[in-house]
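What follows draws every value from the coordinates through simple rules; no lab data is involved. Computed from a predicted model, the values in this text were never measured in an experiment.
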Amino acid sequence: MAIEGTIRIHRSIGGTGAAFRVSFVPYDADGESTAAVRSFHEVQQVRAFLKGLGVSTQVSADALRQLAAGRSASIPSVSLEEEDVKDAGLVSTNLAKAKAS
């Protein structure tokens, strides 16, 4: 089953932790979805992660350009297979609860 939502990428300035955080926020009828987050140290890791999710090279490149111009980027209207979301570690708490019910 496909899950639709938005991929959000945020770049941290300074600090010692991961420089990039990627989340997938599923569209949710009640609007209270909680995103799971993956962290990366290098932009190449983000690019590879997006590719692994099936995001096209052009869309990924556009998002990374957006990220370079500011501190965040988003890729709206993404449709991901439920299994791919789980495998990527992007299962949100609300999605996990909904599936358990």
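Couple of notes before you dig in:
- Estimated vicinal HN-Hα couplings, Hz - the stretch 45-50 in sequence order (Karplus 6.51, -1.76, 1.60; Gly, Pro = x): 5, 5, 4, 5, 5, 4
- Between residue 27 and 4, 5, 6, the built amide H atoms are under 5 Å apart, and every one of these is 5 or more places off in sequence or on another chain.
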